[in-house]
1. Within segment 50-99, report the chymotrypsin sites (Phe, Trp or Tyr not before Pro) that DSSP leaves as loop and that have at most 10 other Cβ atoms within 10 Å.
2. Over all distinct Cα pairs, what is the inverse of the mean 1/r for segment 33-107, reported as the Kirkwood hydrodynamic radius in Å?
3. In what sequence do Arg102, Arg69, Arg22 fall when counting other Cβ within 10 Å, fewest first?
Amino acid sequence: MGSKISEEELNKALSATAPKERVDPRKRWVEKMVKSAAKYHKICPYFDKKTGNCFIKQLKFLKSTRCDRDGNFEGCPVFISYLEEKYEWYKETGQPLPMDFRDLTMFA
Ligand code: SF4
């Protein structure tokens, strides 16, 4: 003996039990900072126009310090991971997270 359930009932039951999409606060903050940075900078603020090097890579003593993106920081993994590290630092030290990229560069 089987019981049948309508598609509508099934969708209702699934939506009631499906976990809501989690919003990663770090990801959300990083995206906000990238957007904010784009407001003030056409090319990456960590791009050395004279040498073509990346200041973040230099700071981390990476083997290659060259920026291979011509200063295009949107979607740059180096830029993103730098912001993620900053997020962790703010969280660990209990400092309020800046909401504007200019404030980040002031305190970083
Ligand atoms: S590698 Fe990324 S963070 Fe570094 S200068 Fe280039 S765009 Fe900026």
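We did not get these values from a lab; they are worked out from the coordinates using the rules stated. Source: prediction; values computed, not measured. For neighbour counting, all protein chains shown are included, and Cβ atoms are generated from backbone atoms with ideal geometry for every residue, glycine included.
1. Numbers: sites: Phe55, Phe61, Phe73, Phe79, Tyr82, Tyr87, Trp89, Tyr90; in loops: Phe61, Phe73.
For chymotrypsin sites (Phe, Trp or Tyr not before Pro) across segment 50-99 that sit outside H, G, I, E and B with at most 10 neighbouring Cβ atoms in 10 Å, the list reads Phe61.
2. Values: mean 1/r = 0.0772 Å⁻¹.
Result for segment 33-107, one decimal place: 12.9 Å.
3. Details: Arg102 13, Arg69 17, Arg22 7.
Ranked by crowding around the Cβ, least crowded first: Arg22, Arg102, Arg69.
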